[in-house]
Amino acid sequence: MDCYISLGANLGERKKSLRQALECLHEELGIEVLRISGFFETAPWGKTDQPPFVNAAAKLRTDLSPLKLLERCQHIEQLMGRVRHEHWGARTIDIDLLHIPGVSCQSEELRLPHPYMLERAFVLVPLAEIAPDLEISGKSIQEHRETCKDSGEVTPCLGSPMDFSLKLIACVDSHWGIGRKGKLLFRFPEDMAFFRRQTWGKTVIMGRRTMESIGKPLEGRRNLLLSRQTLQKEGFESLKSLEELWQALRTEEEPYVIGGGNVYRELLPYCREAFITHVNADGKADAFFRKPEGEFHRKEIRTSIDSTTKYELTFCHYVRNTYGGKLYP
């Protein structure tokens with residue numbers, strides 16, 4: 001099931017705390033991060049004599065029960081040092097369950113939809129960015145945002161992983177397979193030339209198995225290696241966590257995620273665009289790419305036939321849907 005959450009922090013390194021909370025959620029068994037909003041600096045709500053917050057909204061997919069999901073979120077809060085001293089008080093991290101479509105809960109532990117979410121601009125503004133058409137109490141989130149009486153200031157700020165404008169590039173078979181036994185399924189000259197044109201002079205982000213498959217840094221590109229293991233390879237910048245990746249990236253560069261499967265899964269929620277070459281064949285894959293359904297719209301660039309295999313290749317550009325139907329700049 002899909003779930004919408006709100007994240008906030010007003011103590012310590014606020015933006016870093018939100019990013020780390022997202023990484024913790026991604027690493028939890030049974031939870032998948034699908035989408036994250038930009039970050040917004042907001043005035044405190046309820047108890048106003050405290051520092052301003054940085055807030056965001058996220059969409060998750062989970063097979064956990066609502067109460068088990070709440071338990072996991074509270075566990076992450078505790079791991080990150082949150083101590084509940086007072087109601088609506090300052091906190092290092094706050095993760096609130098907002099809404100699970102089709103689920104209503106009014107228990108002592110959990111109330112869904114969140115009883116105050118439609119009254120808080122700091123919840124509605126980021127949520128409207130990722131789910132403007134989500135309907136609660138007979139109105140869309142965008143309609144609730146437009147009629148919300150909360151006058152608290154909500155100001156966009158840098159710090160979200162979305163600010164890096166990540167792009168993704170992959171070649172998939174008819175079942176969205178991307179690899180077999182640690183190797184690419186296909187090596188079509190036209191697709192390899194397309195990959196080179198798209199990524200030349202850019203930053204590429206890859207995992208350990210992709211690095212080993214390539215064997216050396218890609219010429220003319222900044223090569224970032226994302227792996228939990230400590231790896232030192234000449235020509236590669238090694239990064240052990242998403243937080244290290246965000247620290248290493250520069251907002252002016254164009255980073256491309258190039259694989260493999262784990263890196264695709266981890267970074268797809270933060271990608272604004274994806275370039276996917278679809279191959280009309282079964283590559284007998286053992287590693288797969290998650291379909292960007294619902295979150296992206298697809299535009300076909302062109303279709304061609306590989307001269308050797310006679311397989312049909314369809315080059316597609318996927319762009320993430322955004323608030324109001326507009327694309328990110």
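The values are calculated or read from the model by the stated rules, or taken from the named source; none is laboratory data. Model, not experiment: these values are computed from the prediction. Neighbour counts are summed over all protein chains in view; Cβ atoms, including those assigned to glycine, are modelled from backbone coordinates with ideal geometry.
For the reader, a short list of remarks on this structure follows.
- Flag if Leu231 is in contact with a Leu (Cβ under 7 Å, 6 or more places away or on another chain), assigned to a loop (DSSP other than H, G, I, E, B) and not assigned by TED's automatic domain parsing to the domain that holds Lys16: yes
- Top-ranked residue in segment 213-228 [being outside any loop (DSSP other than H, G, I, E, B) and either among the small types (Gly, Ala, Ser) or touching a Gly at 6+ places or on another chain (Cβ under 7 Å) (or both); ranked as nearest to Val33 (Cα to Cα)]: Leu226
- Residues in segment 150-171 that are of a type in the set (Val, Ile, Thr) and under 27 Å from Glu244 (Cα atoms): 2 in all.
- Total residues in segment 1-20, condition buried (at least 16 other Cβ atoms within 10 Å of the Cβ), under 26 Å from Glu135 (Cα atoms) and not β-branched (Val, Ile, Thr): 7
- So Thr230, is it surrounded by fewer than 16 Cβ atoms within 10 Å (Cβ to Cβ) and either within 18 Å of the chain's Cα centre (by Cα) or closer than 22 Å to Glu23 by Cα (or both): yes
- Annotation note: of Phe236, Phe194, the sole residue that is in the same structural domain as Pro292 (by TED's automatic domain parsing) and more than 22 Å from Val319 (Cβ to Cβ) is Phe236.
- Of the residues making up segment 1-39, those that are of a type outside the set (Asp, Glu) and more than 19 Å from Trp246 (Cβ to Cβ) are Met1, Cys3, Tyr4, Ile5, Ser6, Asn10, Leu11, Leu29, Gly30, Ile31.
- Residues in segment 263-303 that are β-branched (Val, Ile, Thr) and under 19 Å from Ile205 (Cβ atoms): Val263, Ile276, Thr277.
- Residue match in segment 235-243 (condition: surrounded by 15 or more Cβ atoms within 10 Å (Cβ to Cβ), in a loop (DSSP other than H, G, I, E, B) and free of Cβ contacts under 8 Å to residues at least 40 places away in the same chain): yes
- Residue check, Val172 in the same structural domain as Pro269 (by TED's automatic domain parsing), touching a Phe, Trp or Tyr at 6+ places or on another chain (Cβ under 6 Å), of a type in the set (Val, Ile, Thr) and closer than 24 Å to Asn280 by Cβ: yes
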